[in-house]
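Participant: Dumping the structure here so I can ask a few things about it.
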Amino acid sequence: MQDFNYHTHTYRCGHASGDDEEYILAAIKAGYKTLGFADHAPYKDYPLPSSHMDISMFDEYVDSISILKEKYKDQIDIKIGLESEYYKANHDERVMLHDRLDYLILGQHFLDPEASVSFFKNNSEEEILEYGKLVCEALDTGLFMYLAHPDVFMSKQENFTKACVDVARMIASKCVDLDIPVELNVHNVRKGKHLISNKEEYFYPNKSFWTIMSEYPIKVLLGIDAHKPEDLLDFDAIEKSLNEVSDLNLNFITKPLI
Ligand SMILES: [Zn+2]
Ligand SMILES: [Zn+2]
């Protein structure tokens, strides 16, 4: 089992549960050697209480994890990060947060800070292409350690369209050029498979998407995307996700990134 996970949320984002210490105890029990917290990043001018933490919670988040990092240092290596979207308007704010953390991961759930376009719906071809462009622009900033759930735009998607193919290629090329790893996210398999272009597939990890990704020499890592402590002990979700791509010869990294 991959013994590091950089994708752990906390209750502060408004849609996860359990206290910080419970996540650490679950991670130790599961056998993790490195646990990174990457709760949903705050946006000063765009508070969305059920999507990401409020900016007023940020200092307490860093303090709480720092105390636990010290407390459990002999048992597990704790890192402090955030999962963040990228928007041009918030670039300086991202730089500021990045400077105070071990890492940021890119999780582009929305097209704009107001969240007027979400990627958790059946998106138009234009929206999907915008997703791809924004992700590539974000990765070019050098702020992000890896790209979380690159296939998140497949959520509720009815078809694997031309734009989906183009975006998969766009993202894969960018990640190869910049040597940025891509996450195989295990969170969504719990929702089962769906009919997409008449094939039974998960929204993500999406088989059609990863089949294209596998044509490129990208580095891949697993992300648990834990929203409750028990998620860290859900080995079944990991197995289902890995089974989905087992014939694709993906290049999984075996050592922690930091
Ligand atoms: Zn979340
Ligand atoms: Zn995410």
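Participant: Could you work out, for the range 13-87, what percent of all Cα-Cα pairs fall into each 5 Å distance bin, beginning at 0 Å and stopping at the bin that holds the largest distance?
Facilitator: With 5 Å bins starting at 0, P(r) equals 3, 15, 27, 23, 15, 11, 5, 1.
Participant: Rounded to the nearest Å, what's the spacing between the alpha carbon centres of the range 52-111 and the range 177-199? Just the number, please.
Facilitator: 23 Å
Participant: May I ask you to evaluate 6.51 cos²θ - 1.76 cosθ + 1.60, the Karplus curve with θ = phi - 60°, for each residue of the range 243-255 and list the ³J(HN,Hα) values in order in whole Hz, giving x for glycine and proline?
Facilitator: With coefficients 6.51, -1.76 and 1.60, one gets 4, 4, 10, 4, 8, 9, 6, 6, 9, 6, 6, 10, 10 Hz.
Participant: Which lysines does LYS33 reach when only Cα atoms under 23 Å apart count, and residues fewer than 8 places away in its own chain are ignored?
Facilitator: Partners found: LYS69, LYS71, LYS73, LYS79, LYS219, LYS228, LYS240, LYS255.
Participant: For the peptides 16-24, 178-186, what is the packing order when you average, over each peptide's residues, the other Cβ atoms within 10 Å and list the highest mean first?
Facilitator: Working: 16-24: 18.4, 178-186: 20.6.
Ranked by mean Cβ neighbours within 10 Å, highest first: 178-186, 16-24.
Participant: Using a 7 Å offset from the Cα along the Cα-to-Cβ direction at both ILE253 and ASP59, what is the distance between the two label points in nm, to one decimal?
Facilitator: Using points 7 Å along Cα→Cβ, the separation is 3.3 nm.
Participant: Given a cut-off of under 8 Å on Cα pairs at least six residues apart, what relative contact order in percent is computed for the chain?
Facilitator: Over the chain, the number comes to 19 percent.
Participant: Mark the label point 7 Å from the Cα of ASP3 along Cα→Cβ and return the residues of the range 61-81 whose backbone N is within less than 18 Å of it.
Facilitator: 72-79
Participant: Based on the mean of other Cβ atoms within 10 Å per residue, sort peptides 84-91, 62-69 so the most packed one is first.
Facilitator: Numbers: 84-91: 18.6, 62-69: 16.8.
Put in order of decreasing packing, that is 84-91, 62-69.
Participant: Shifting gears a bit: Divide by every residue of the chain the summed helix terms, -39500 (n - 2.57) for each DSSP H run of at least 4, and state the resulting mean residue ellipticity at 222 nm, rounded to the nearest 500 deg cm²/dmol.
Facilitator: Numbers: 7 runs with 84 residues, N = 258.
Per the formula, -10000 deg cm²/dmol.
Participant: What net charge is computed for the residues neighbouring GLU127, neighbours being all others with C-beta under 14 Å from the C-beta of GLU127, Lys and Arg scored +1, Asp and Glu -1?
Facilitator: Working: positive: LYS121, LYS133, LYS156, LYS162; negative: ASP112, GLU125, GLU126, GLU130, GLU158, ASP166.
Result for the local shell: -2.
Participant: Quick one: net charge around ALA89, please, counting Lys, Arg +1 and Asp, Glu -1 for every other residue with C-beta under 12 Å from its C-beta.
Facilitator: Working: positive: LYS44, LYS88, ARG94; negative: ASP45, GLU85, ASP92, GLU93, ASP112, GLU114.
It works out to a net charge of -3.
Participant: Further question on the same structure: For LYS156 and THR141, calculate 0.36 nm times their separation in residues minus their Cα-Cα distance, and state this gained length in nm to one decimal.
Facilitator: Contour length minus Cα-Cα distance gives 2.5 nm.
Participant: Using R₀ = 25 Å, calculate the FRET efficiency as 1/(1 + (r/R₀)^6) where r is the Cβ-Cβ separation of ASN122 and ASP236; round to 0.05.
Facilitator: Numbers: r = 28 Å, r/R0 = 1.11.
In this case the efficiency is close to 0.35.
Participant: Quick check: pseudo-label points 7 Å beyond the Cα along Cα→Cβ at VAL165 and ALA89, how many nm apart are they?
Facilitator: Once both label points are built, they end up 3.5 nm from each other.
Participant: What spacing in nm lies between the two simple spin-label points modelled at LYS33 and ASN243, each 7 Å away from Cα in the Cβ direction?
Facilitator: 2.8 nm
Participant: Under 18 Å Cα to Cα from LYS44, which aspartates and glutamates show up? Leave out anything in the same chain fewer than 8 places away.
Facilitator: Partners found: ASP54, ASP59, GLU60, GLU83, GLU85, ASP92, GLU93, ASP99, ASP112, GLU114.
Participant: Moving to a separate point now. If you take the Cα Rg of the range 4-252 and divide it by 2.2 N^0.38 Å, with N the number of residues, what do you get?
Facilitator: On the way: Rg = 17.1 Å, N = 249, 2.2 N^0.38 = 17.9 Å.
Normalised Rg, Cα atoms only: 0.96.
Here, each number is a calculation from the coordinates, and none is a lab measurement. No experiment lies behind these values; they were computed from the predicted model shown. Counting neighbours? That spans all protein chains shown, and the Cβs are built from the backbone with ideal geometry, glycine included.
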